[in-house]
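Shown next, in structure tokens, is the structure this report addresses.
Just so it is clear, none of the values below were taken in a lab; they were calculated from the coordinates. Predicted model, so just to flag it, every value in this text is computed and none were measured. Positions of Cβ are backbone-derived with ideal geometry, glycine not excepted, and every protein chain shown enters the neighbour counts.
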Ligand SMILES: [Zn+2]
């Protein structure tokens, strides 16, 4: 579940500015760069998976960014802004109350999703959008009991 917020790598003060604010408000579901990179790393490692896979948990509908159906591994690439990354999460000053509530709800939902998936027998792997795709892919490979892939220099 990632938003259309530009990567913190792309610009310094990325939560300010009208264009960025608009894209935060739209909260579109997009196939973000970090998700694509993770999928491509997994695919190259020979992992077969479904993307944007809907998982029905008791009382909760979940969409995993990547789902490996056999061993039941659900992978999420969390946007730094939307999921309050400890390194890049920000509290917008405009409409502060609205954003605080919304982001708190997101984090709360993440916890409920983790718990519901675990109860349904899924292993949950979360990575941040700022993480290198090789590291996220390696966590998946470890969960699969596979050797890790070499990191790009
Ligand atoms: Zn981050």
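Which value in Å does the Kirkwood hydrodynamic radius of the range 66-153 take, with 1/r averaged over all unlike C-alpha pairs and then inverted? Don't skip to the end; give the middle numbers.
Working: mean 1/r = 0.0690 Å⁻¹.
Result for the range 66-153 stands at 14.5 Å.
For 122, 99, which order do you get if you count the other beta carbons within 10 Å of each Cβ and list the fewest first?
Working: 122 21, 99 18.
The order, fewest Cβ neighbours first, is 99, 122.
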Order by neighbour count: 62, 107, fewest other Cβ atoms within 10 Å first, most last. 107, 62
Spin-label model distance (nm) - residue 135 vs residue 40, 7 Å beyond Cα toward Cβ: 1.9
With a point put 7 Å past each Cα toward its Cβ, work out how far residue 69 is from residue 52 in nm, to one decimal. 1.8
With no solvent and one equal point scatterer per Cα, compute the Debye intensity ratio I(q)/I(0) for the range 45-108 at 0.19, 0.28, 0.29 Å⁻¹ and report its log10, rounded to two decimals. -0.82, -1.13, -1.16
Exposure proxy ranking, count of Cβ atoms within 10 Å, fewest first, for 142, 66: 142, 66
